[in-house]
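Worksheet: one structure, shown below.
The values are calculated or read from the model by the stated rules, or taken from the named source; none is laboratory data. For clarity, every value in this text was computed on a predicted model and none was experimentally measured. Using ideal geometry, Cβ is built from the backbone for each residue, glycine included, and neighbour counts are taken over all protein chains shown. What goes into the accessible areas is simple: the full protein's heavy atoms, side chains included, and nothing from ligands, DNA or RNA. Shrake-Rupley method; radii C 1.70, N 1.55, O 1.52, S 1.80 Å.
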Amino acid sequence: MTPLVHLAVLDVVGTGADKLLQGQTSAQVELAKGGFAPLTCFCNAKGRMLANAQLLRVSPERYRLILHRDLVEPLRDHLKKFAPFYKSELSVRDDLALLGLIGADAAAVAARHLDIAAPSLWHQAGDAERQLLAHPGPQPRVLICLPREQAAATASALAEEAPLVGNAEWCLQDIRAGLAWLTAAHQDALLPQMINWEALGGISFKKGCYTGQEVVARAHFRGQVKKRLAHCRLEGEPLPELGSTIVDENGKNAGEVIAAERDNEGGVELLAVLTTREEMGPLSIEGRSVTPLPLPYPIERLDPESLAQAGA
């Protein structure tokens, strides 16, 4: 078990909250009915991401976004520009806490202590007060969202079966799952496809317009994505800074670090946005060797519509 201190919650509430989100997010909002909880992203007019998130619907007029803490207030401020036109309000939910469970028994432990059966991948379970989400990774994972006032007692009960570990363990599992959460280091810089967002079901190509949609769609249908998210291992234990440059054997820029955590073998695992050119040769960061590792999913389009139907 770990507290997910790197993530935060933004609620979008109102009679027009669905229409507000539909015009700004890559998700097909009507699919978020309280079961399917799609990945999504918000872009500027040039198709560069302002933030990426997971979208929940927790009551008829309340949608919930879970995203990196760095970007929750910038995203709120961005959406505030449109909210009055849709009779909607936005609130950063500092009164909510996020906990993570990792391991083969994660779903069973969550069910015993919260009396909520864990859902299938990228789906939600629970009610308007507490939600469970299933996340991918080499080990099963469950994310718990609950009122902060309940968090201490719930964590204490869970700790009887799930020892407390640091937040870095969850982040390492995200890296191994090929799941990148945008931070302030890369806001306004990357197309969604550069973090493989369409391969994770985070882009609907079947919905209408949203900000940046034309650029995102053109990059997909014309095959113009020249950078892609990769899973790599870095020699040595010091963590590189986010945005650190990865160079090829000729010292040319080949990409940059999106996320990094220490592994248990004296090295660091990375998610990095790398050029897609075939011949790069050996890669490095400030003289430290970078070795590409396989991703756990194919780089091909995965429609959220099919994910919603599969988990229905």
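Points to keep in mind about this one:
- Meeting the requirement of 2 or more residues that are in contact with a Gly (Cβ under 6 Å, 6 or more places away or on another chain) and under 23 Å from Pro192 (Cα atoms), the strands (runs of 3 or more DSSP E) wholly within the range 1-108 are 39-43.
- Glu278 meets the conditions (1) within 20 Å of the chain's Cα centre (by Cα); (2) open to solvent by 70 Å² or more (accessible area, probe 1.4 Å); (3) without any contact (Cβ under 8 Å) to a residue 60 or more places away in the chain in every case but one. The failed one is (1).
- Scanning the range 185-198 for residues that are outside any loop (DSSP other than H, G, I, E, B) and open to solvent by less than 50 Å² (accessible area, probe 1.4 Å) yields a count of 7.
- Filter result (touching a Pro at 6+ places or on another chain (Cβ under 9 Å) and at positive phi) within the range 107-152: Trp122, Gly126, Gly137
- Test for Arg76: is it touching a His at 6+ places or on another chain (Cβ under 7 Å) and open to solvent by 50 Å² or more (accessible area, probe 1.4 Å): no
- Options Ala32, Ala27, Ala104; residue that is free of Cβ contacts under 8 Å to residues at least 40 places away in the same chain, buried (at least 23 other Cβ atoms within 10 Å of the Cβ) and at negative phi: Ala32
- Boolean, Lys252 is open to solvent by 30 Å² or more (accessible area, probe 1.4 Å) and in contact with a helix residue (DSSP H, G or I) (Cβ under 6 Å, 6 or more places away or on another chain): no
- Checked against (1) assigned to a helix (DSSP H, G or I); (2) under 14 Å from the mean Cα position of the chain (by Cα), Glu149 meets all criteria but (2).
- Residue match in the range 48-67 (condition: surrounded by fewer than 22 Cβ atoms within 10 Å (Cβ to Cβ), in contact (Cβ under 8 Å) with a residue 24 or more places away in the chain and under 20 Å from Thr211 (Cβ atoms)): yes
- Annotation for the range 39-61: at least one member residue is in contact with a helix residue (DSSP H, G or I) (Cβ under 7 Å, 6 or more places away or on another chain), within 24 Å of Pro147 (Cβ to Cβ) and of a type in the set (D, E, K, R).
- Some residue of the range 293-304 being in contact with a helix residue (DSSP H, G or I) (Cβ under 9 Å, 6 or more places away or on another chain), under 22 Å from Thr183 (Cα atoms), of a type in the set (Asp, Glu) and touching a residue at least 24 places away in the same chain (Cβ under 8 Å): no
- Screening Glu149, Glu241, Glu237, Glu161 for residues that are open to solvent by 60 Å² or more (accessible area, probe 1.4 Å), at pLDDT below 95 and over 15 Å from Cys43 (Cα atoms) leaves exactly one candidate, Glu237.
- Here the condition is being open to solvent by 10 Å² or more (accessible area, probe 1.4 Å), modelled with pLDDT of 95 or more and either out of contact with any Cys (no Cβ under 7 Å at 6 or more places or on another chain) or among the aliphatic types (A, V, I, L, M) (or both); of Arg228, Arg222, it holds for Arg228 alone.
- Verdict on Trp181 being of a type in the set (Phe, Trp, Tyr), farther than 19 Å from Asn44 by Cα and under 13 Å from the mean Cα position of the chain (by Cα): no
- Matching residues in the range 78-117 - criterion: being in contact with a strand residue (DSSP E or B) (Cβ under 7 Å, 6 or more places away or on another chain), basic (Lys, Arg) and more than 15 Å from Ile66 (Cα to Cα): Lys80, Lys87
- Any hit, the range 135-144, residues being polar (S, T, N, Q) and closer than 16 Å to Thr2 by Cα: yes
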